[in-house]
């Protein structure tokens, strides 16, 4: 079986933000999963528990032939053997040029972004928009010669660029318009939309005629994730059973959760298709048909299997031994909780704090939010290889085992 | 109607309503023309009534073009089944009968009296020459389809009987389980689809995507296998694949022991999960049908199946007795399955959500079941989307969609009505007050004194004066 999986030849790939959560998974995949063969970088995983047993990733994702380099603000953490690491700042042209001179990448995969939760507006704009522009210009050869030609540029966008944080999104595709300005209540999404637009417009316009595309993951989670898995397990570890029984909304709302490995896979596929298109353009052959085009396009990436919001959290809690049965659930209507959240926010706002329950959180746990990834399936040949349930076992297993190892260390 | 049912329906009036609704308002798309039927045709329909509980009604409402072909197809397969099921027939007799049944169909006057007396459909084979007569009267294209399926199914059954007689025929893997269901039901789906397409009542693409019609049969068969687990086990038959049950109990009989209830429920929910994987294909298939009676014929059993799966899901009674959906539910499902695809999709979504509501995290397949329900909902969205790009784009530029504009108009109208009502009430209050004060004044009320007392702070009559009067 493992011999049948396709081989993807990519040349030299520079992963920008390669020490972040998604970046690490992309690097791991490009290097054919050192995390599964090298014990020094293996991910913690509970042993002897059938719920956490799953097949290796390396036998299912394609085999990559690539020289991998990483640039990140700090590269001391999340390193993998086999990649070259460079410290660099994407908001500085000089810093980027010096990295490009050393790496001479054929492909740039740009995943760098500040942490949504701690990012202030200024920083978000500076890194997401200005940084992306700087990086595009350096890669495309517009900021001076660095001794090579970058052929393809894959940008990690976000599915939230078409979401106003309030409305339901039901099986939404890439034709949905960007939400910006006063309709966009999340500044992060606004900067991601601006940056995505920059990237897509830059397609084939740079001196080196670099081709570009954008990947929009929806609800990304997996090993090492600091948002979804981390937050809900932190909640269940602290909260009493009574609190865990509370459910906001009726739990008929479907939500996309996408395993990080599948998102990484989409980046690899996008890069691979882009260099093929670039070669066609360069050889003067007819470009791809409109409905097959990858360059200049954005792609929703999901697990193609939305989950009822609370089922996902309860499945994660159940993996840590906290089972909430359907008859134990207290269903709290959204209207009531939204109001309480609103009051809590105003009161806490007076003393300059954010409460644990906000209106935004209430809406998020009650809304339907899932996307169509038909375009990626058709044009990139994408397929969510790891299922949602396996992904969750991986993500939770990582947290559980790491917690166990830490408490063991403390015990000694 | 017995006293029991009178009592039952007085507490479940909505079910009674569904039954009456179906009985009174359901108009068959096509009706049999009994007076022009030949003697053999009448006999065939009589056997159809006798041998099938659920299918005879829907078959008899089929378009005249397919009425007899489907009836004969059904009776032929029923004949095969009656030979296969009869354990009193030795393998040496049985095997050639099953394998050669396609040729038997061509022999005028063929009958078979070799079944044991207790075999319930014995009479069908005793008078099988009637079926053969009608088979031979059919269009050659239909005959070829029926013959081909009879051939495949006869051989499939013969293989199974041979295996059962010589070695162990129990279903081990889920692949074997699918194969078994394919022989007993998937093939029927294939034959029917070919008949529909031949009659131009179905999209020819249905034949190209074999997994669609295969799923139609498998979904029904798997549902029956789940629902009948107790009855089948009592009759020494086991269709649940070992690959699934062995994860939950070490011996199949343990499923029926009360102390293993939790394991049994988890096992049955894995079986339900396995069946639900076909639901999307079934809806996709129904989208390819072009004639109302054919749609009804296919949709009714599918709706019944998902409702039955919901009934079986996490229901301990499954292992104790025969369970079935209530007559009221069955009638409302039939009403809903004889409209259009959208209504059938609503049925599927409704039952998917009910399954999701009963799903519990203590089940090892909790998330997988939740995911399959979500996929059914997503699939329905892909056929009948609730949102569209045009509305989303309009919203961004601040325009309202037709629907939203209508809603805004209604809201504005409501607001206007409300203001009008409040103003009206204000006027009434004003008039009533004027009348009351006016009549008090006419009767000599001293408002000047009252006003003076009030301005000096005396809002109540003084206590002293009251005491004085007493």
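Values quoted throughout were computed directly from the atomic coordinates according to the rules given, and no laboratory measurement underlies them. Note that this is a predicted model, so its numbers are computed, not measured. Methodologically, a virtual Cβ is constructed for each residue, glycine included, from the backbone with ideal geometry; neighbour enumeration extends over all protein chains shown.
Give me the Kirkwood hydrodynamic radius of the range A:1-131, using the inverse of the mean 1/r over all pairs of distinct Cα atoms, in Å to one decimal.
16.2
With 10 angstrom as the radius, rank B:25, A:310 by how many other C-beta atoms surround their C-beta, starting from the fewest.
In order of increasing Cβ crowding within 10 Å: B:25, A:310.
Viscosity 0.692 mPa s, temperature 37 °C: what is the translational diffusion coefficient of the range B:80-127 from Stokes-Einstein with a Kirkwood Rh over Cα pairs, rounded to a whole number of µm²/s?
297
Of all alpha-carbon pairs in chain B, indicate the percentage at a distance above 35 angstrom.
So the pairs more than 35 Å apart make up 48 percent of the total in chain B.
What FRET efficiency, computed as 1/(1 + (r/R0)^6) with R0 = 41 Å and r the Cβ-Cβ distance, is obtained for residue B:406 and residue A:336, rounded to the nearest 0.05?
0.90
Give the peptides B:188-198, A:52-62, B:207-217 in descending order of average Cβ contacts within 10 Å, highest first.
Most protected by this proxy first, the peptides run B:188-198, B:207-217, A:52-62.
Using the beta-carbon distance between residue A:121 and residue B:232 and R0 = 60 Å, what value does 1/(1 + (r/R0)^6) give for FRET efficiency, to the nearest 0.05?
Calculated value: 0.35.
Over the Cα atoms of the range B:114-264, compute the convex hull volume and normalise it per residue, giving Å³.
Roughly 147 Å³ of hull volume per residue.
Once you average over the residues of A:325-333, how many Cβ atoms of partner chains fall within 10 Å of each Cβ?
So the per-residue partner count for this stretch is 2.
On a full-extension model of 0.36 nm per residue, what is the gain between residue B:10 and residue B:46, subtracting their alpha-carbon distance, rounded to one decimal in nm?
That works out to 9.5 nm of additional length.
Quick one: in the range A:1-76, what % of C-alpha pairs are over 14 Å apart?
In whole percent, the long-distance tail amounts to 67.
Which order do peptides B:403-409, B:261-267 fall in by mean Cβ count within 10 Å, highest first?
Ranking, from highest mean packing down: B:261-267, B:403-409.
What full-extension length gain, to one decimal in nm, is calculated for residue B:382 and residue B:170 as 0.36 nm per residue of separation minus the Cα-Cα distance?
72.4 nm
Please give the peptides B:27-38, A:120-131 ranked by average Cβ packing (other Cβ atoms within 10 Å per residue), highest first, as a rough proxy for protection.
A:120-131, B:27-38
Dividing the convex hull volume of the Cα atoms of the range A:198-343 by its residue count, what figure in Å³ per residue is obtained?
163
How much space per residue, in cubic angstrom, does the convex hull of the C-alpha atoms of the range B:187-232 take up?
67
Taking the Kirkwood radius as the inverse of the mean 1/r across Cα pairs, report the Rg/Rh of chain A.
0.97
What share of all Cα pairs of the range B:285-368, in percent, falls into each consecutive 5 Å distance bin?
3, 14, 22, 21, 17, 11, 8, 3, 1
Please compute the Kirkwood hydrodynamic radius over the range B:227-335, one decimal place, Å, based on all pairs of different Cα atoms.
Every distinct Cα pair counted, the radius reaches 15.3 Å.
Compute the acute angle (0 to 90°) between the alpha-carbon long axis of helix A:334-350 and the principal axis of greatest extent of the alpha-carbon atoms of chain A; round to the nearest 10°.
Around 80 degrees separate the two axes.
Quick one: angle between helix A:260-282 and the longest Cα principal axis of chain A, in degrees between 0 and 90, rounded to 10, please.
So the inclination is approximately 20 degrees.
How long is the gain from residue A:410 to residue A:289 if the chain were fully straight, where each residue apart is worth 0.36 nm and the alpha carbon distance is subtracted?
This chain segment gains 37.6 nm when fully extended.
Could you work out the mean projected area of the convex hull around the alpha carbons of the range A:188-256, in square nanometres to one decimal?
7.5
Sort A:260, B:347 so the one with the fewest other Cβ atoms within 10 Å of its own Cβ comes first.
Ordered by Cβ neighbours within 10 Å, fewest first: B:347, A:260.
Any idea what Rg and Dmax come out to for the range B:25-70 if you just take the C-alpha atoms, in Å?
Just the Cα atoms of the range B:25-70 yield Rg and Dmax of 10.5, 32 Å.
Share of Cα-Cα pairs in the range A:226-310 beyond 14 Å, in percent?
So the portion of pairs separated by more than 14 Å is 76 percent.
For every helix of n ≥ 4 consecutive DSSP H residues, a contribution of -39,500 (n - 2.57) applies; sum these over the protein assembly as shown, divide by its total residues, and give [θ] at 222 nm rounded to the nearest 500 deg cm²/dmol.
Calculated from helices alone, the mean residue ellipticity at 222 nm is -17000 deg cm²/dmol.
In whole angstrom, how far apart do the alpha carbon centroids of the range B:367-439 and the range A:170-184 sit?
So the separation of the two Cα centres works out to 23 Å.
For the range B:211-289 and the range B:81-113, what is the separation of their C-alpha centers, rounded to whole Å?
Value for the Cα centre distance between the two parts: 30 Å.
On the Cα set of the range B:20-144, report Rg and Dmax in Å, please.
Considering the range B:20-144 through its Cα atoms, Rg and Dmax are 15.7, 52 Å.
Based only on the alpha carbon positions, what is the Kirkwood hydrodynamic radius of the range A:164-223, in angstrom?
13.6
Could you tell me the center-to-center distance, by alpha carbons, between the range A:29-101 and the range B:4-49 in angstrom?
The range A:29-101 and the range B:4-49 have Cα centres separated by 67 Å.
Across the residues of A:161-171, average count of Cβ atoms on other protein chains within 10 Å?
Shielding by partners across A:161-171 averages 2.
Shielding by partners for B:387-398, please: the mean number of other protein chain Cβ atoms within 10 Å of each residue's Cβ.
Neighbouring Cβ atoms belonging to other protein chains average 4 per residue here.
Could you list, bin by bin from short to long, the percent of Cα-Cα pairs of the range A:331-412 in 10 Å steps?
Distribution as computed: 14, 20, 22, 30, 13, 1 percent.
Can you sort B:245, A:24 by how many other beta carbons sit within 10 Å, fewest first?
Arranged by neighbour count, lowest to highest, B:245, A:24 become B:245, A:24.
Divide, for the protein assembly as shown, the radius of gyration over alpha carbons by 2.2 N^0.38 Å, where N is the residue count.
That ratio works out to 1.20.
Kirkwood-based Rg over Rh for the range B:363-426 (C-alpha set), two decimals?
On the Cα set of the range B:363-426, Rg over Rh gives 1.33.
Using all C-alpha to C-alpha distances in the range B:340-470, build P(r) with 10 Å bins and read off the rounded percent in each one.
Spelled out per bin, shortest first, that is 9, 15, 15, 14, 11, 9, 11, 15, 3.
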